[in-house]
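Here is the structure we will look at.
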Amino acid sequence: MTRSRQPNGASSIYQAKDGRWHGRVTVGVKDDGTPDRRHVSSKTRAEVTKKVRELERQRDAGTVRKAGQSWTVKTWLTHWVENIAALHVSENTIDGYRVAVYHHLIPGLGAHRLEKLEPEHLERFYKKMQDTGSAAGTAHQAHRTVRAALNEAVRRRHITVNPATIAKAPRLEEEEVEPYSVEEVQRLLLEAERHRNTARWVIALALGLRQGEVLGLQWTDVDWEAGVIRVSRGRLRPRYKHGCGNRCGRNPGYCPQKINIRRETKNTKSRAGKRPIGVPEELMKLLRRHKEEQDRERRLARDLWVEKGYVFTSPTGEPLNPNTDYHKWKDLLKAAGVREGRLHDARHTAATVLLILGVPDAIVDAIMGWEPGKSARMRRRYQHLTGRVLQDTAAKVGGLLWGSDKRYGDSNEW
């Protein structure tokens with residue numbers, strides 16, 4: 001069948017010699033400047049007309065999938081995490097993305113065509129992750145990662161709809177953290193006296209600094225006269241490459257000649273995170289003693305010492321590795337006979353102490369480094385209504401209504 005001549009750029013519908021109907025729609029311009037003209041076909045004119053009108057609708061709405069490479073979930077996620085996300089997010093964030101992409105998402109979903117990925121595929125994948133032993137938090141991290149990756153695919157018009165925004169995210173129930181009691185903190189502090197870098201653990205329990213903030217402290221951050229520590233940076237987890245030319249057969253982190261390819265610290269991620277913190281005099285004395293001990297280590301190490309100015313270091317002056325620091329915390333708990341807990345639970349403990357002491361919210365936010373817009377939510381998360389808080393509140397209510405003036409301030413339990 002002969003085709004009637006259409007104006008340039010207009011859609012066309014025609015029947016080929018084999019009897020099949022075809023349609024062509026100009027939806028835009030390709031990267032090389034030529035018209036991006038899409039083709040559809042069907043057995044009947046009515047069916048192909050319907051497809052042409054749908055393409056025209058998508059074109060007019062700006063939702064036509066971009067022409068070019070046909071992506072699979074695997075190729076897109078790999079491209080996104082290495083060539084897009086890695087250039088625009090922090091080192092710690094990209095580490096989390098890479099774990100989700102390479103350990104979970106690609107093995108579980110990588111073979112799907114990107115444009116064919118459905119919300120149901122994702123929901124079944126999240127369920128399978130949890131059924132095979134992954135924590136709900138791990139499945140939720142995979143969900144957040146694929147959602148971010150597919151948002152970028154939509155923005156670049158490789159797909160028109162992000163199925164991860166439609167799929168139901170794994171249900172995540174935040175566990176209630178039990179802060180350490182006064183007695184447990186005292187046992188930890190007593191045991192810490194027997195360990196190297198004693199002040200590191202005192203700062204965590206008394207001031208609530210994050211792990212990276214403590215390990216990133218430098219002596220220039222300590223104002224001895226004012227009794228203040230200024231938090232301005234955080235320690236990053238090292239990332240290594242082979243120094244042996246990949247001949248050792250091990251992972252880069254275990255290579256005998258490994259080379260760290262990541263900067264040691266980064267600035268705090270928010271203005272609220274960059275903050276001064278008042279330090280109790282007892283802790284300032286401990287820091288002075290710690291500096292004297294570090295000076296002795298420097299003299300002993302002699303030429304092996306690397307001067308970088310960190311408060312907490314290895315015996316040769318290098319900043320502490322966060323992974324090593326984590327295991328030292330576990331050793332401290334065990335040696336002190338204190339129940340198992342995360343290192344971050346020390347931060348919950350410090351925040352709860354501020355609640356018990358009745359410190360005003362604005363001061364709590366400043367000490368803990370919480371941004372104003374998020375501070376109420378963070379206080380709910382970190383400050384725990386312990387028995388002592390509830391008892392003191394009940395005593396105040398009783399005093400108002402019945403004249404009782406009973407207090408529970410002498411309790412050793414929080």
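Okay, here's what the table says:
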item: Options 340, 297, 293, 318; residue that is exposed (fewer than 12 other Cβ atoms within 10 Å of the Cβ) and among the charged types (D, E, K, R); result: 340
item: Residues being part of a helix (DSSP H, G or I), of a type in the set (A, V, I, L, M) and in contact (Cβ under 8 Å) with a residue 60 or more places away in the chain - total across the stretch 160-185; result: 2
item: Where residue 287 falls short, out of the listed (1) loosely packed, with under 13 Cβ neighbours inside 10 Å; (2) under 21 Å from residue 196 (Cα atoms); result: (1)
item: Every residue from the stretch 187-237 that is touching a strand residue (DSSP E or B) at 6+ places or on another chain (Cβ under 9 Å) and of a type in the set (A, V, I, L, M); result: 203, 207, 209, 214, 215, 217, 222, 226, 228, 229, 231, 236
item: In the stretch 263-284, residue nearest to the chain's Cα centre (by Cα) [restricted to those that are of a type in the set (D, E, K, R) and surrounded by 13 or more Cβ atoms within 10 Å (Cβ to Cβ)]; result: 269
item: Residue identified as within 25 Å of the chain's Cα centre (by Cα), among the polar types (S, T, N, Q) and either at negative phi or not assigned by TED's automatic domain parsing to the domain that holds residue 293 (or both) among 251, 246; result: 251
item: Every residue from the stretch 205-216 that is at negative phi, touching a helix residue (DSSP H, G or I) at 6+ places or on another chain (Cβ under 8 Å) and part of a loop (DSSP other than H, G, I, E, B); result: 209, 210
item: The stretch 25-38 residues that are at positive phi, paired with ones that are not hydrophobic (A, V, I, L, M, F, W, C) (beta carbon under 6 Å, 6 or more apart); result: 28/36
item: Count of residues meeting criterion [free of Cβ contacts under 8 Å to residues at least 40 places away in the same chain and either closer than 17 Å to residue 235 by Cβ or in contact with a helix residue (DSSP H, G or I) (Cβ under 9 Å, 6 or more places away or on another chain) (or both)] in the stretch 270-288; result: 1
item: Scan of the stretch 217-248 for residues that are in a loop (DSSP other than H, G, I, E, B) and under 13 Å from residue 274 (Cα atoms), ordered by number; result: 217, 232
item: Residues (crowded, with 17+ Cβ neighbours inside 10 Å and under 40 Å from the mean Cα position of the chain (by Cα)) located in the stretch 42-63; result: 55, 59
item: Condition check for residue 66: surrounded by 13 or more Cβ atoms within 10 Å (Cβ to Cβ), modelled with pLDDT under 85 and of a type in the set (D, E, K, R); result: yes
item: Residues (among the small types (Gly, Ala, Ser) and either over 29 Å from residue 135 (Cα atoms) or at pLDDT below 90 (or both)) located in the stretch 157-195; result: 181, 192
item: Which listed residue is in contact with a Leu (Cβ under 9 Å, 6 or more places away or on another chain), among the aromatic types (Phe, Trp, Tyr) and under 27 Å from residue 379 (Cβ atoms), from 102, 180; result: 180
item: Entirely in the stretch 81-151, the helices (runs of 4 or more DSSP H) that have 3 or more residues that are under 21 Å from the mean Cα position of the chain (by Cα); result: 91-99, 119-131
item: Pair list, Cβ under 7 Å, 6 or more apart: the stretch 328-356 residue over 19 Å from residue 312 (Cα atoms), other residue at pLDDT 90 or above and among the basic types (Lys, Arg); result: 336/187; 337/187; 338/187
item: The stretch 90-112 - residue that is within 14 Å of residue 144 (Cβ to Cβ) and among the β-branched types (Val, Ile, Thr) and, of those, surrounded by the most Cβ atoms within 10 Å (Cβ to Cβ); result: 101
item: Of all residues in the stretch 186-204 being in contact with a Phe, Trp or Tyr (Cβ under 6 Å, 6 or more places away or on another chain) and either assigned to a helix (DSSP H, G or I) or of a type in the set (Gly, Ala, Ser) (or both), the one that is surrounded by the fewest Cβ atoms within 10 Å (Cβ to Cβ); result: 192
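Conditions (1) assigned by TED's automatic domain parsing to the domain that holds residue 94; (2) modelled with pLDDT of 95 or more; (3) surrounded by fewer than 15 Cβ atoms within 10 Å (Cβ to Cβ), marked per residue:
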{"residue": "120", "(1), (2), (3)": "yes, yes, yes"}
{"residue": "125", "(1), (2), (3)": "yes, yes, no"}
{"residue": "129", "(1), (2), (3)": "yes, yes, no"}
{"residue": "137", "(1), (2), (3)": "yes, no, yes"}
{"residue": "143", "(1), (2), (3)": "yes, yes, no"}
{"residue": "155", "(1), (2), (3)": "yes, no, yes"}
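The values are calculated or read from the model by the stated rules, or taken from the named source; none is laboratory data. These numbers were taken from a predicted model, which means no experiment stands behind them. Don't worry about glycine lacking a Cβ; one is built from the backbone with ideal geometry, like all the others, and counts go over all protein chains shown.
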